[in-house]
Every structure is written in structure tokens, then in C-alpha cells.
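The values are calculated or read from the model by the stated rules, or taken from the named source; none is laboratory data. A quick note: this is a predicted structure, and the numbers were derived from the prediction, not measured. Here Cβ is always computed from backbone atoms with ideal geometry, including for glycine, and neighbour counts include all displayed protein chains. Ligands, DNA and RNA are stripped out before the accessible areas are found, and what is left, the full protein with its side chains, is counted by its heavy atoms. Shrake-Rupley method; radii C 1.70, N 1.55, O 1.52, S 1.80 Å.
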Amino acid sequence: MPKSIEKIAVLTSGGDAPGMNAAIRAVVRSGVYYNKEVYAVYRGYQGLIEGDLERYNARMVSNIINRGGTILKTARSQEFRTVEGRRKAYENLQKYDIDALVVIGGDGSFRGMKIFAEEFDFPVIGIPATIDNDIRGTDYTIGFDTAANTAMEAIDKIRDTASSHDRLFFIEVMGRDAGFLATYAGLAGGAEDILIPEKNRGIDTLVQSLKRSKRSGKTSSIVVVAEGEKSGKNVFEIAKYVEEHLQEYEVRVVIIGHIQRGGCPSVFDRVLASRMGVMAVEALADGQFKKVVGFKSNDVILYPLEEAINEPKKINDNLIRIIPILTT
Ligand code: F6P
């Protein structure tokens with residue numbers, strides 16, 4: 001019979017995302033509520049390898065629900081990619097007699113968690129937190145809503161200049177290999193076109209559609225480009241190509257960058273993180289391991305870790321379909 005879960009460790013890993021603190025708070029407080037001992041690990045897997053752990057009580061997570069970033073700090077640990085690194089991490093968990101690990105992070109963190117759980121037969125639960133929203137099996141990841149709003153606000157501001165100067169702006173948003181942020185921020189910001197890695201329509205199609213819209217009376221335009229766009233060109237090269245083939249516009253490029261990762265989390269992200277954190281602890285108490293907490297049809301769910309990382313998450317085709325309709 002598997003050992004009952006009495007001591008839980010929690011860490012944040014990979015890129016920080018707004019709402020991670022709300023998730024840490026929820027894990028710590030629900031752990032205390034269910035009479036578990038909760039240990040916080042600093043600097044993600046790297047801190048686990050170095051034994052950087054501390055016992056947390058409910059008061060140690062006061063006043064953090066509203067804060068961006070992660071109070072536990074985060075890292076992209078290279079050492080955890082090695083068997084030796086993972087063994088050190090396991091030994092530290094053994095040293096503190098910890099029974100289970102909650103990982104708050106994105107795709108890369110979940111892959112590491114899966115290898116670790118299988119190597120050492122260690123109980124784990126993942127809470128998806130990444131501004132990229134690229135984890136399969138959950139409609140939303142913690143941090144995406146806040147980041148999309150930040151990107152949208154930036155687009156709104158750039159629109160003022162675009163329309164005042166009759167310019168064409170290319171705005172690059174984050175999203176390593178995924179176009180969720182670009183699609184949502186672009187749709188919400190009224191972008192003329194959105195270039196995402198999932199759909200490569202070719203740069204000449206973009207030039208033609210910008211020409212058409214110019215002829216139809218548009219005086220300025222915004223094109224949102226996902227960082228991971230796969231046309232083989234970066235945003236500056238795309239902008240240069242378009243400027244050479246569309247002399248009607250003066251072109252500018254803006255990269256929003258890490259601004260999208262910061263700031264206080266939205267209502268949605270705080271509530272999502274709180275619900276997911278509680279669900280993670282309740283799942284462990286219930287003997288459910290190697291699972292991910294997801295969000296579907298307005299409810300938190302549990303699903304197998306494999307499902308989250310085996311295949312890339314797809315963007316709803318209907319979101320992409322309506323973009324040209326709305327920019328007619
Ligand atoms: O995964 C989140 C993310 O912000 C991606 O969108 C981006 O490609 C990456 O992290 C940047 O990572 P770093 O901050 O380590 O440069």
C-alpha cells in the first residue's frame with residue numbers, strides 16, 4: 001500500500017508567471033488546512049538539488065496573492081536534466097522525509113517532473129503556470145490571462161501612435177513555440193493580422209492583405225507577431241520585407257518582451273491559481289499522483305501528466321478563423 005502523504009514540497013520552475021504566488025499560497029494554506037507539513041523549495045529544481053528548502057506555515061504566504069513573479073524564485077536548471085542532478089534532488093527530498101512534490105511551472109518543468117517521478121517512483125502533481133498557455137489538457141494556464149491583458153494594453157497604446165502617424169506597426173509578443181498570447185492579444189487589440197507558429201500563411205499573403213486593407217481606406221495597421229513565428233524570419237526581417245513591398249506605409253517594430261511576464265495577476269489568474277493549488281493538495285491527500293491540475297468548462301480537473309506533455313496544445317481554429325472577418 002502506498003505511503004500516505006504527510007509532507008509536501010512545493011516549487012516554482014521555468015519562466016515566472018503572474019499568479020504563481022497565488023498558487024504557492026493556495027498549496028501552503030490548503031496543506032496546513034489538511035494537517036500536512038509543507039516545505040517550500042527555493043529556485044525551482046536547482047534549489048531542490050542544492051537542498052534549499054524551508055518549512056512554511058500559513059502566515060509565511062500572507063500578502064503575496066497580489067504579487068507578480070514568485071517569492072520562491074525560479075530557475076531553468078540544467079543540472080536537473082542530468083541523472084546525477086535528479087538523484088541529488090531525490091536525496092534532499094529523502095533527507096527531509098518529504099512524500100510528494102508539487103511543481104508549479106510550464107512545459108519544460110513538467111517534462112523534468114515526469115522523468116523524475118518515473119526514475120524514483122516519487123509522487124508528483126503539476127500546476128500549469130506559464131504565460132504561453134501551451135500546456136495540453138487545460139484551457140488556461142496560470143499567468144496567461146494577465147500576460148494577454150498586458151500585451152493588449154501595450155497594443156492599445158501603440159495604436160495611438162499608429163493612427164496618429166498613419167503607420168504600420170509590427171508588435172512581437174512572447175510565446176516561445178506557441179501563438180496563444182499573440183492570438184488573444186491580437187484579437188483583443190484589433191490587430192490587422194496575427195503571425196503565429198501554428199499557422200504559416202506566408203509573408204506574401206500578409207503583404208497582399210495589407211495592400212487590400214490600405215486600398216479599402218485603412219490609414220494605419222497593427223500586425224502581431226508571436227516570438228516563435230516560423231516563417232524563417234524574425235520580426236525585424238518581416239517588417240523590412242513588408243516595407244520593401246508595400247511602400248504606402250512607414251513601418252515600425254516593437255518587441256514587448258518581459259513586460260508581459262510581470263505585474264500583479266488578474267482576477268482570473270488569482271482565482272485559477274487558488275483553485276488549482278487547493279486541488280493539487282487534495283489530490284495528493286487522495287493518493288492521486290503523476291497528474292496535472294487543469295481547468296475545463298469552468299472547473300478544475302485532474303488528468304494524467306503524460307497527456308499534458310505528449311503532444312502540443314492546439315489553438316482553437318475558430319479564434320484564427322474570425323481574424324480576417326473582423327479586420328475586413
Ligand atoms: O515560457 C515563457 C517565456 O516567456 C516564453 O514566452 C519565452 O520564449 C521565454 O519564456 C523567455 O525565457 P527567458 O526569460 O528565460 O529568456
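Model label sites at residue 58 and residue 211, defined 7 Å from Cα along the beta-carbon direction, differ in position by 6.7 nm. Normalising by residue count, region 104-145 has a Cα convex hull of 58 Å³ per residue.
Between helix 203-215 and the chain there is an angle of about 50 degrees, using the helix long axis and the longest principal axis of the Cα atoms. What nm value, rounded to one decimal, do you get for the distance between residue 316 and residue 271 when each label is placed 7 Å out toward the C-beta? Here the modelled spin labels are 1.7 nm apart. Taken per residue, the accessible surface of the chain reaches 44 Å², heavy atoms only and a 1.4 Å probe. Once the Cα atoms are used to define both axes, helix 235-245 deviates from the longest principal axis of the chain by about 10 degrees. Summarising the amide proton neighbourhood of residue 175: residues at separation of 5 or more, or on other chains, whose placed amide H is nearer than 5 Å comprise 227. Applying D = kT/(6 pi eta Rh) to region 17-133, where Rh is the Kirkwood radius over alpha-carbon pairs, T corresponds to 4 °C and eta to 1.567 mPa s, the Stokes-Einstein value obtained is 90 µm²/s. Residue 311 exposes around 100 Å² of accessible area when a 1.4 Å probe is run over every protein chain in place. Evaluating 6.51 cos²θ - 1.76 cosθ + 1.60 at θ = phi - 60° for every residue in region 142-152, the Karplus couplings come out as 5, x, 5, 4, 4, 5, 5, 5, 5, 5, 4 Hz, glycine and proline recorded as x.
Using the basic label-point model (7 angstrom from Cα toward the beta carbon), what is the residue 237 to residue 81 distance in nanometres? That separation, rounded to one decimal, is 2.4 nm. Amide H contacts of residue 75 (H built 1.01 Å from N, in plane; Pro and chain starts excluded): 14, 44, 45 sit under 5 Å, all sequence-distant by 5 or more or on other chains. Sorted from greatest to least, the principal axis extents spanned by the alpha carbons of region 268-324 come out as 48, 27, 14 Å.
Using the Cβ of residue 145 as centre and a radius below 12 Å, the other residues enclosed give a net charge of -1, where K and R count +1 and D and E count -1.
Of the accessible area of region 60-159, computed with a 1.4 Å probe over protein heavy atoms only, carbon and sulfur atoms account for 44 percent.
Short-range pairs are left out: with C-alpha atoms under 8 Å and at least six residues apart, the relative contact order of the chain is 23 percent.
Taking the DSSP bridge list for the chain and keeping only pairs wholly inside it, about 25 percent are antiparallel. Treating each Cα of region 159-226 as one equal point scatterer and applying the Debye formula with no solvent, the log10 of I(q)/I(0) at q = 0.13, 0.27 Å⁻¹ comes out as -0.35, -1.23.
Over the chain, all Cα pairs binned in 20 Å intervals from 0 give whole-percent P(r) values of 33, 48, 18, 1, listed from short to long.
Counting only residues at least eight positions apart within a chain, or on another chain, the lysines with an alpha carbon under 27 Å from that of residue 290 are 3, 7, 36, 73, 88, 95, 114, 313, 314.
With the highest mean first, a sort of the peptides 283-290, 193-200 on other beta-carbon atoms found within 10 angstrom per residue produces 193-200, 283-290. Can you give the local net charge around residue 235? Use residues other than it whose beta-carbon is closer than 14 angstrom to its beta-carbon, Lys and Arg +1, Asp and Glu -1. In short, -2. For region 266-284 versus region 36-114, the inter-centroid distance based on Cα atoms is 17 Å. Cα gyration tensor of region 2-69, axes a ≥ b ≥ c as square roots of the eigenvalues: rounded (a/c below 1.5), prolate (a/b > b/c) or oblate? Cα axes put region 2-69 in the oblate bin.
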